[in-house]
Amino acid sequence: MELYFFLFFAFVAVASSVAMILQRNPIYCVLLLIMVMISIAGLYLMLDAQFVAIIQIVVYAGAIMVLFLFVIMLLNLSREEGGTFRIQKPTAVILAVLLFLPVAAMVMSYAGGGTAPPAAGSQAGFGEVEQIGTLLFTKYLLPVEIAAVLLLIAIVGAVVLTRKGTVSAGE
């Protein structure tokens, strides 16, 4: 059963990424990239890394893709469509249902009283919040702090670069 879920999520990820590369409309590219991110989150769920899967959906498929859409809309990129497809909406609905059926089946099987089988080669606590928090505040504290300072510098730089007028030191 796991093999079928893996093959499904892998196929959706590869097919969506290939379609994203071949797509000419930037809005559709972003939507296909969201589909790639959701299928990768399904693969993380299969590895029993629930925290990583949720972060994948919330941060990447949610926040970052919304920012991509805002940038595309602000740049006012022209839409290059060859015509409208009458079959596009039904195909989108069928693909969405096919994407979420395996996820629903996995949730139902785990909720039905069965325990999730351990993933092959996974460590105890892999992808759990407690283990990630412990690693971030012990082993990886210095890289996290360096990344935080670099992000702060980037934010200050972006604010300075976007200011309309300049203020001299004497004013």
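All of the numbers you see were taken from the coordinates with simple rules; none came from a lab. Nothing here was measured: the structure is a model prediction, and the numbers come from that model. No Cβ is skipped: glycine too gets one built from the backbone with ideal geometry, and neighbour counts run over all protein chains shown.
What the table below lists for this structure:
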item	result
Approximate spin-label separation I153-L3, in nm, with each point projected 7 Å along Cα-to-Cβ	5.1
Gain upon complete extension [V14, Q131; 0.36 nm per residue less C-alpha separation]	39.1 nm
Inter-probe distance in nm under a simple model that places probes 7 Å from Cα toward Cβ, at T162 and V93	4.0
I64 versus I21: modelled label distance in nm, points set 7 Å from Cα along the beta carbon direction	1.9
Stretch gain in nm, segment L142-Y28, where the contour uses 0.36 nm per residue and the Cα spacing is subtracted	37.2 nm
